[in-house]
Amino acid sequence: MNYQSENLKNSLAAEYVLGTLRGPARQRFQKLMMQHSAFSEATSTWEQHLNTLGQKLPPVTPDSSVWLRIEQQLGFTDAPVQNNQPIKTSEQTVSKVVPITKARSRVWQSIAGLASAAALVLAVLLVNLDTSVPDTKQLALVNNEQTQLLWALEISADTISVQATKSLVAQANADYELWIVAADGRAPISLGLLPKTGKLSLSKPAIFDQIEIAALAVSIEPLGGSPNGSPTTVLYTSKLVTLS
């Protein structure tokens, strides 16, 4: 396969952003993003393009059970849902429903649906963030191919706070390592091992604010981390979201 082909590069980047690039093909593309800046730049371009298209669609209010199911999947609530309707209890609070864009065709529905789902997950995370960390500057969500949230990251001036979720089924004989994928194509930079349960605070290196970051990547490694200073097998990537 000729990865230097401009058409192929853009096609793979578009599929990656839409989420239709799956399995080994997705993992190969993640490695290409870490090794070649042209692929990470193409991915960023498609993300901006597709998000812009999604923002042009008219908003609609989803059913209240949608919000509750998302909260359940993220592990923020155990409230049951039956027949697409939440079971009301005396302690149930009113959710702040986030608008989801409405599609006008199948093509637009695919694009807008993915953008809206990402925005909704981010909104749930923002509502449930630890407000004891007032200087949070950036956020990142690490999802698996089924769009389940595995880790939520809060980046402040000096630390990277990482929360593992209930959706993470960690391997006992392996560790998970977090990496910076630089936009200039330099070798990935390790940020440390991710927690398998609970919350962990990582030290934020000075270079984090000195370079353009194309993405953050998570690799699976032998216990103790990468044996050679490079990612062994990249599993997931995530974009940084800067808070205003």
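Read-outs: derived from the displayed coordinates by stated rules, not from any lab. None of these values were measured; they are calculated from a predicted model. Glycine gets a Cβ as well: all are built from the backbone with ideal geometry, and neighbour counts include every protein chain shown.
A few remarks follow.
- Under 13 Å, Cβ to Cβ, from residue 25 - net charge with Lys/Arg +1 and Asp/Glu -1: +2
- Gyration tensor (alpha-carbon) shape descriptor, region 185-230, a/c threshold 1.5: oblate
- Proximity of backbone amide H atoms, modeled 1.01 Å from N, is registered between residue 225 and 175 at under 5 Å, excluding neighbours fewer than 5 places apart on the same chain.
- Local electrostatic count, residue 10, Cβ distance below 14 Å [Lys/Arg +1, Asp/Glu -1]: -3
- For the residue pairs 9/31; 9/204; 31/137; 31/166; 9/166; 31/239, the alpha carbons lie more than 25 Å apart in 9/204; 31/137; 31/166; 9/166.
- This ranking places 218, 241, 60 by how few other beta-carbon atoms lie within 10 Å of each, fewest first, which gives 60, 241, 218.
- Ordering of 143-156, 161-174 by burial proxy (mean other Cβ atoms within 10 Å per residue, highest first): 143-156, 161-174
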